[in-house]
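Student: The structure follows.
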Amino acid sequence: MNRLALSLSLLIVVCACRGRDPDVGKLPVVEPKPPARTLTRRALFGAMPVENRFQDPLITFSGTGWFAFGSGYSWPTSYRRVDQSSPTGTPVLVLPGPENNGGVTALGQLKTARTPLHLETWLGREEGGGDDFSGVDVSLVGLFADGEERAVSLTIDESSRQVLGGVAWARFTADLDEGPVGWAYFMAGDGNEETLLLTGAVAVDLPAQAGAAFGFSKPRAPSARERELAAAARERSQQLALAPRPRPSRPKHPAAGR
Amino acid sequence: MPRPRPRDTVLWLLAVLGTFVGATAASAAFDAATGKVVMANAAWSLPFDGRAELDGASVFAYDSNGEVLDLTAVQDRLLDDGERAIEGTGLIRLGGDISYVSVGLPSPDANAAIDALRDRRVRATLWQRPRGTRVGASLSWFTGAYDDPNASWLASVTLQPTGNVTDDGWEEWTSGPFDFAWAGRFAPAFITFTDEQYYVYYGGGSWDVEAQTYVDGLEIVDLGPAAVTPTACALPSERTDCGDEGVCHLGVCVDAALRLGAPLEDAALRADYVDRRVFEVEHFEGGRAPRARAGLVAAALAPLKEAARAVEFWPTFAAAYQLLVDGHASAPMVSYPSYANGGVCLHAGEADLLSDLDAEERLVPLVFSAGDNELGALLAPGDALVRVDGLPVREWAAAASRLISHPGDPAGRDVVTAPQIFNAALDAGAIVTFARCAGPAACATSEVEEITVDLGALTGDRLLDGGTAPLLAYSASATCDFRFRRPVEAPDVKDYAFAGSADEGGVRSLLINGVPDRYMEGGDAWFDHVTSALGDDPTLVLFDERSGAGGSIDAVDLIAAMLLADGDSYAMDFLPSFEGAEDDGAPRAAVVACSNDPNAYSCGNGFRYRIGDGGGPVASAADAKLAVLIADDVSGNDYVTRLLKERSGGATRIFGDGATWGAFGVIWSMAAHVGELMGGSMQVQDTIFVDSVDEPLTGEQRFETSTGIRPDVVVRQLQSDAVFGRDTVLEAARAWLLEVQP
């Protein structure tokens, strides 16, 4: 039921009951019917492009596209992927700060190249969690062609702020005149250990002629934590093994037999 | 006119790239006037409108801790709320604290509506409204009741999104069209709902027991007569025998959707899906030779965007990914690959006792071992598989490409796929013909005993007659390790993490099945065994890696560092794709410089690994005379074999047939985008082997992926040895090791 309909129905109920003997002259309460739900369409990647350099744009964790880290670079005690309304119509990763002593950082792997690169992601606060993103750290770290490892911070696009389903969202972006070589690491976390929502991670090539029309982000030296997490992600994804082949089974809990 | 701001340009770009929404394919069941789904056309449905619907239903359910839940617990998740429900007056809340549910469909014998669907084509549809999580849904067919412990898996269909959603968050999921009963005989046994939090859970995340999804409006709609008539068939003629919608399974035509998975039905989703997989190949693939073949994949997949049938959709992905010649590449899967082999292990060999065959015709799979069952009773070691469905084996295998795959170096294909040929024959219910000659003298054709087995009669026919097919049971399958005999025996000798050694006649034999990570179960013991076997300066070493499933870099290094002498090989450069800038040397130089910096952390997922960096013993067996036995060797075992070619101390020879896979780089799993069982995999690096520290980084870049290591001595199992219990490859290697040098 939408808010307008709810308010109207409450008003009718209140008016009908106030000052009346409940046993005398009852009037039937007529609740206005909520508008019927409507059918629409959603693309495979929601509002995100297909040509997205992130390995796992829907944050499914079904491949090696995402990792989450707690304090230091241990596993966090808590992070979740949820499906809920988001600006890109895609699932959301919840990084619950209070449940993780020392915070939690999401790390997404993306393939980059020496082309101009646009990066963006949507970050949110859980319902009732306000709209303050000042404690957020969101960056790209990678190896640039000169042999230096650097980081680029994504910055908030104030004009993008919106509230969906009670969640305050804002888009963070960065434009690079030349991307890192090889694979790069996107990281998002909250330094104040507030719960952070993450969705819509996108990395797309910019037209080569984009040139100085963009206010390109300035790379900086990576922080100690950024370095540690990138190293940990690389360590966890170095298998020289055969491709897995799933086998069917009778009905059983998926955890059984692993 | 104001000039567009850069951000506007980006937003426009994103809009063009990302928000394409195809022509609306309105759900036939959705009533726009009421905003409800109407199941008026359902032949069978589960509207979740009351507990009575599930009374008596067979249910397997678990909570997030794997604890069994009973039917009552499932019924307690029903919610009587007509306003929230998209269909009828109720819905069921799944996921979270009820993480896995298999609901048995009624037996056709007990339910007239289900029984009436035996020879019909149907579509299953359900709606779900994620509220913190989502469930994947699939239908499964078994050779008996779903709770019968002797029942074997026959088929499955995974539900997929249609792209239809409502403004309050309901999503429509469908099976696509499929023939309801396997060969008109077995109805789907159950529908399973699995909370997708498992992916995050196994990625290290936590389980949100409060996360749920509403599920409603499960219906099966009758679309008309079944598309495939369950007639007898043979795989090479399955198009003729079974038509455009069928495949040959256990000797009978069945709907391809049941065996291969239904194609993505919605045109817009399908086009995006194909484009995404092509993008992944073009950008994520790390092998340089495979990258040069990415256009072949794009060309192969492009027609699937326009239209797709089950016989071609997912098999085309599987075939296309093999075009890369990336031994780590595997296509996304929505259905299980064939696994049953009836306990029979066939491997590549030479039927040298069949004197009337020409040299090429003698290169056929030989029986290495057979299980203790009715099929095994017919076969003996050394029996040569000479025909399948009346065709020469090579010709039949070519027709069975949807069941036989080898993504690595084609030079190794005959060796690697030999056991798969028998799996495929069993899957198809083929007629297999073996030739037996007792030896030691060769047999003329008239002296050869032919053993012909109709695998369809042992499986499909029996099932259609109401019997069972024990050959399909999980317990009947055997692990085939490409060895006729083993130089080391132990109860767990076929286990991946096994390493064992034995001394015989002055020869130290070391047997492994891969190069496991030290931190996996059994990893420590593997490292200890290998260190012990190669650590005391052995003089003659027989290294049997005929079953080599790869593993970890440190394990590769452990073996190589002990067998190489100082200076034999310096390092390996693991290099991600530089997307067209491979030849200028600059990106590689950046990776190597980064890798040499002790403060570096990721180096673009590239690195230089110096031999001996693992910290194990060095050159402890460098002077040993070494025989390496290869057969099915991938990734980590590619590296081991490649490095051992550099030995300068003791003599080294590689014995075997075919080639290693040529998979030089790490493997990453790709994401599942539409609820597939797996999103496939790809190699995200290539490797340059570096001979010395001062080797220049510029100039020709010698990437090695796609080309495996060939044997120095081509030797294959002979039938004449097999009938007397001799392993030809093993004996050739021993003989060379024991040769006295002049």
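The values are calculated or read from the model by the stated rules, or taken from the named source; none is laboratory data. All figures in this text were calculated on a predicted structure; none of them were measured in a lab. Quick reminder, even Gly has a Cβ in these numbers, built from the backbone with ideal geometry, and neighbours come from all protein chains shown.
Student: List the pairs whose first member sits in segment B:406-420 and is within 18 Å of B:Thr479 (Cβ to Cβ), whose second member is at pLDDT 95 or above and acidic (Asp, Glu), and whose Cβ atoms are under 6 Å apart, counting only residues at least 6 apart or on separate chains?
Tutor: Sorted first by the residue in segment B:406-420, then by its partner, the pairs are B:Val415/B:Asp657; B:Val416/B:Asp632.
Student: For segment B:642-672, what are the residues that are assigned to a loop (DSSP other than H, G, I, E, B), more than 12 Å from chain A (Cβ to nearest Cβ) and either under 22 Å from B:Ser577 (Cα atoms) or aliphatic (A, V, I, L, M) (or both)?
Tutor: Scanning segment B:642-672 gives B:Ala651, B:Ala659, B:Gly662.
Student: Quick one: which of B:Gly523, B:Gly506, B:Gly535 is in contact with a Pro (Cβ under 6 Å, 6 or more places away or on another chain) and surrounded by fewer than 17 Cβ atoms within 10 Å (Cβ to Cβ)?
Tutor: Values: B:Gly523 fails: surrounded by fewer than 17 Cβ atoms within 10 Å (Cβ to Cβ); B:Gly506 fails: in contact with a Pro (Cβ under 6 Å, 6 or more places away or on another chain).
Going through B:Gly523, B:Gly506, B:Gly535 in turn, the sole match is B:Gly535.
Student: I need a count of the residues in segment A:143-163 that are in contact with an Asp or Glu (Cβ under 7 Å, 6 or more places away or on another chain) and under 12 Å from A:Ser223 (Cα atoms).
Tutor: Result for segment A:143-163: 1.
Student: Can you name the residue in segment B:106-141 that is surrounded by 18 or more Cβ atoms within 10 Å (Cβ to Cβ) and polar (S, T, N, Q) and is also nearest to A:Thr40 (Cα to Cα) among such residues?
Tutor: B:Gln128
Student: Next question. Small (Gly, Ala, Ser), surrounded by fewer than 20 Cβ atoms within 10 Å (Cβ to Cβ) and part of a loop (DSSP other than H, G, I, E, B): does that describe B:Gly675? Break it down into steps so the answer makes sense when it comes.
Tutor: Working: small (Gly, Ala, Ser): yes; surrounded by fewer than 20 Cβ atoms within 10 Å (Cβ to Cβ): no; part of a loop (DSSP other than H, G, I, E, B): yes.
So B:Gly675 fails the test.
Student: Which strands (runs of 3 or more DSSP E) does segment A:150-224 wholly contain that include 1 or more residues that are crowded, with 20+ Cβ neighbours inside 10 Å?
Tutor: Values: elements: A:155-164, A:167-176, A:181-190, A:196-205.
Filter on segment A:150-224 gives A:167-176, A:181-190, A:196-205.
Student: Which residue, of B:Gly82, B:Gly88, is more than 14 Å from chain A (Cβ to nearest Cβ), assigned to a loop (DSSP other than H, G, I, E, B) and over 34 Å from the mean Cα position of the chain (by Cα)?
Tutor: Details: B:Gly82 fails: more than 14 Å from chain A (Cβ to nearest Cβ).
From the options B:Gly82, B:Gly88, the qualifying one is B:Gly88.
Student: Looking at the structure I just gave you, is B:Tyr639 within 14 Å of chain A (Cβ to nearest Cβ) and touching a residue at least 12 places away in the same chain (Cβ under 8 Å)? Steps first, please.
Tutor: Working: within 14 Å of chain A (Cβ to nearest Cβ): yes; touching a residue at least 12 places away in the same chain (Cβ under 8 Å): yes.
So B:Tyr639 passes the test.
Student: If I ask for residues that are modelled with pLDDT under 95 and either more than 9 Å from chain A (Cβ to nearest Cβ) or in contact with a Leu (Cβ under 9 Å, 6 or more places away or on another chain) (or both), which ones from segment B:675-689 would you list?
Tutor: Of everything in segment B:675-689, just one residue is modelled with pLDDT under 95 and either more than 9 Å from chain A (Cβ to nearest Cβ) or in contact with a Leu (Cβ under 9 Å, 6 or more places away or on another chain) (or both), namely B:Gly675.
Student: Tell me yes or no: at least one residue of segment B:388-395 is charged (D, E, K, R) and in contact with a His (Cβ under 9 Å, 6 or more places away or on another chain). Walk me through it before giving the result.
Tutor: Taking segment B:388-395 as the starting set, the residues that turn out to be charged (D, E, K, R) are B:389, B:394-395.
Adding the requirement that they be in contact with a His (Cβ under 9 Å, 6 or more places away or on another chain) leaves none.
No, segment B:388-395 contains no residue that is charged (D, E, K, R) and in contact with a His (Cβ under 9 Å, 6 or more places away or on another chain).
Student: In addition: Wholly within segment B:455-571, which strands (runs of 3 or more DSSP E) include no fewer than the required count, namely at least 2 residues that are free of Cβ contacts under 8 Å to residues at least 24 places away in the same chain?
Tutor: On the way: elements: B:499-504, B:507-512, B:540-544.
Qualifying strands (runs of 3 or more DSSP E): B:499-504.
Student: State yes or no: is B:Val618 assigned by TED's automatic domain parsing to the domain that holds B:Leu737 and among the β-branched types (Val, Ile, Thr)?
Tutor: Details: assigned by TED's automatic domain parsing to the domain that holds B:Leu737: yes; among the β-branched types (Val, Ile, Thr): yes.
When the stated conditions are applied, B:Val618 passes them.
Student: Can you name the condition, by its number, that B:Tyr601 falls short on among (1) of a type in the set (Phe, Trp, Tyr); (2) over 25 Å from B:Arg702 (Cβ atoms); (3) in the same structural domain as B:Gln717 (by TED's automatic domain parsing)?
Tutor: (3)
Student: Of everything in segment B:98-117 that's in a loop (DSSP other than H, G, I, E, B) and within 31 Å of the chain's Cα centre (by Cα), which residue is farthest from the other protein chains (Cβ to nearest Cβ)? Full working, then the answer.
Tutor: Going residue by residue through segment B:98-117, those that are in a loop (DSSP other than H, G, I, E, B) are B:99, B:105-111, B:116-117.
The next check asks that each one be within 31 Å of the chain's Cα centre (by Cα); those that pass are B:99, B:105.
Numbers: B:Ser99: 8, B:Leu105: 12 Å.
Ranking the candidates gives B:Leu105 first.
Student: In the set B:Phe434, B:Phe368, which member is over 26 Å from B:Met682 (Cβ atoms), surrounded by 21 or more Cβ atoms within 10 Å (Cβ to Cβ), over 27 Å from the mean Cα position of the chain (by Cα) and not β-branched (Val, Ile, Thr)? Show your work before the answer.
Tutor: Values: B:Phe368 fails: over 27 Å from the mean Cα position of the chain (by Cα).
Selected residue: B:Phe434, the only one of B:Phe434, B:Phe368 that is over 26 Å from B:Met682 (Cβ atoms), surrounded by 21 or more Cβ atoms within 10 Å (Cβ to Cβ), over 27 Å from the mean Cα position of the chain (by Cα) and not β-branched (Val, Ile, Thr).
Student: Next question, about the same structure. Could you tell me whether segment B:185-192 includes any residue that is under 24 Å from A:Gly89 (Cα atoms) and either of a type in the set (Gly, Ala, Ser) or at the interface with chain A (Cβ under 8 Å from one of its Cβ atoms) (or both)? It would help to see each step written out before you state the result.
Tutor: Here is the first cut: in segment B:185-192, the residues under 24 Å from A:Gly89 (Cα atoms) are none.
Within segment B:185-192 (the criterion being under 24 Å from A:Gly89 (Cα atoms) and either of a type in the set (Gly, Ala, Ser) or at the interface with chain A (Cβ under 8 Å from one of its Cβ atoms) (or both)), the answer is no, since none of the residues qualifies.
Student: Now, a different point. Among the residues of segment B:554-587 satisfying the criterion of being more than 13 Å from every other protein chain (Cβ to nearest Cβ) and under 18 Å from B:Gly699 (Cβ atoms), which is surrounded by the fewest Cβ atoms within 10 Å (Cβ to Cβ)?
Tutor: B:Asp583
Student: Right, next: Please verify whether B:Leu324 is buried (at least 21 other Cβ atoms within 10 Å of the Cβ), within 23 Å of the chain's Cα centre (by Cα), assigned to a loop (DSSP other than H, G, I, E, B) and modelled with pLDDT of 95 or more, treating the condition exactly as stated.
Tutor: On the way: buried (at least 21 other Cβ atoms within 10 Å of the Cβ): yes; within 23 Å of the chain's Cα centre (by Cα): yes; assigned to a loop (DSSP other than H, G, I, E, B): yes; modelled with pLDDT of 95 or more: yes.
When the stated conditions are applied, B:Leu324 passes them.
Student: Which of (1) more than 10 Å from chain A (Cβ to nearest Cβ); (2) in a loop (DSSP other than H, G, I, E, B); (3) touching a residue at least 12 places away in the same chain (Cβ under 8 Å) does B:Ala627 not meet, given it meets every other one?
Tutor: (2)
Student: Which members of segment B:574-623 meet the condition of being of a type in the set (A, V, I, L, M) and at pLDDT 95 or above? If you could, list the steps in order and put the result at the bottom.
Tutor: Step one: list which residues in segment B:574-623 are of a type in the set (A, V, I, L, M), which gives B:575, B:581, B:586, B:589-593, B:600, B:611, B:618-619, B:621-622.
The answer is B:Leu575, B:Ile611, B:Val618, B:Ala619, B:Ala621, B:Ala622.
Student: Could you check B:Ala438 against (1) at pLDDT 95 or above; (2) under 22 Å from B:Gly349 (Cα atoms) and say which number it fails?
Tutor: The failed condition is (1).
Student: Among the residues of segment B:335-390, how many are under 17 Å from B:Val415 (Cβ atoms) and aromatic (Phe, Trp, Tyr)?
Tutor: Matching residues across segment B:335-390 total 1.
Student: I'd like to check something: does segment A:119-136 contain any residue that is over 15 Å from the mean Cα position of the chain (by Cα), within 26 Å of B:Gln685 (Cα to Cα) and buried (at least 23 other Cβ atoms within 10 Å of the Cβ)?
Tutor: No, segment A:119-136 contains no residue that is over 15 Å from the mean Cα position of the chain (by Cα), within 26 Å of B:Gln685 (Cα to Cα) and buried (at least 23 other Cβ atoms within 10 Å of the Cβ).
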